[in-house]
Amino acid sequence: MGIGTMLLEYVDSKKTPGPAKLFLDVEIDNHQAIKVYERQGFSKTGKTETFVFEGKKLGFLRMVKD
């Protein structure tokens, strides 16, 4: 189990009962991270803004877990 998975499981264990959502943004080309988030119950909701960092355009995907 990777550190990202452990962190997500820890956050999930601290969630209080009731209607709460957890949002995150992930770089669109980071397919490995997207798979990890989907295994943890996140779903894709759409793209966010594109940012330019060190001359490179970066697109991000918004994901949510209910």
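Bear in mind that the values in this text are calculations on the coordinates, not laboratory data. Keep in mind that what you see is a predicted model, and the values were worked out from it rather than measured. Cβ placement follows ideal geometry from the backbone for every residue including glycine, while neighbour counts extend to all protein chains displayed.
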Positive end of the charge dipole of segment 23-66 (Lys, Arg +1 and Asp, Glu -1 on Cβ, about the Cα centre): tell me which of 37, 58, 26 has its Cα farthest that way. 37
Under 25 Å Cα-Cα from residue 56, which lysines qualify once same-chain neighbours fewer than 8 residues away are excluded? 35, 44, 47
Under the definition of Cα pairs under 8 Å and six or more residues apart, what whole-number percent is the relative contact order of the chain? 38
Quick check for you: which residues of segment 40-64 have the amide N under 12 Å from the point 7 Å beyond the Cα of residue 25 toward its beta carbon? 47-53, 58-63
At most 10 other Cβ atoms within 10 Å and a DSSP loop assignment: could you name the chymotrypsin sites (Phe, Trp or Tyr not before Pro) in segment 20-55 that fit? none
What is the gain in length, in nm to one decimal, between residue 14 and residue 58 on full extension, counting 0.36 nm per residue of separation less the C-alpha to C-alpha distance? 12.7 nm
If you place +1 on the Cβ of every Lys and Arg and -1 on the Cβ of every Asp and Glu, how big does the dipole about the Cα centre of the chain come out, in debye to the nearest 20? 140
Taking the alpha-carbon centre of each part, the distance from segment 38-56 to segment 1-34 in Å is 13
Length gained if residue 5 through residue 50 is fully extended, taking 0.36 nm per residue and subtracting the Cα-Cα distance, is 13.6 nm
Kirkwood Rh and Cα Rg combined as Rg/Rh, the chain: 1.02
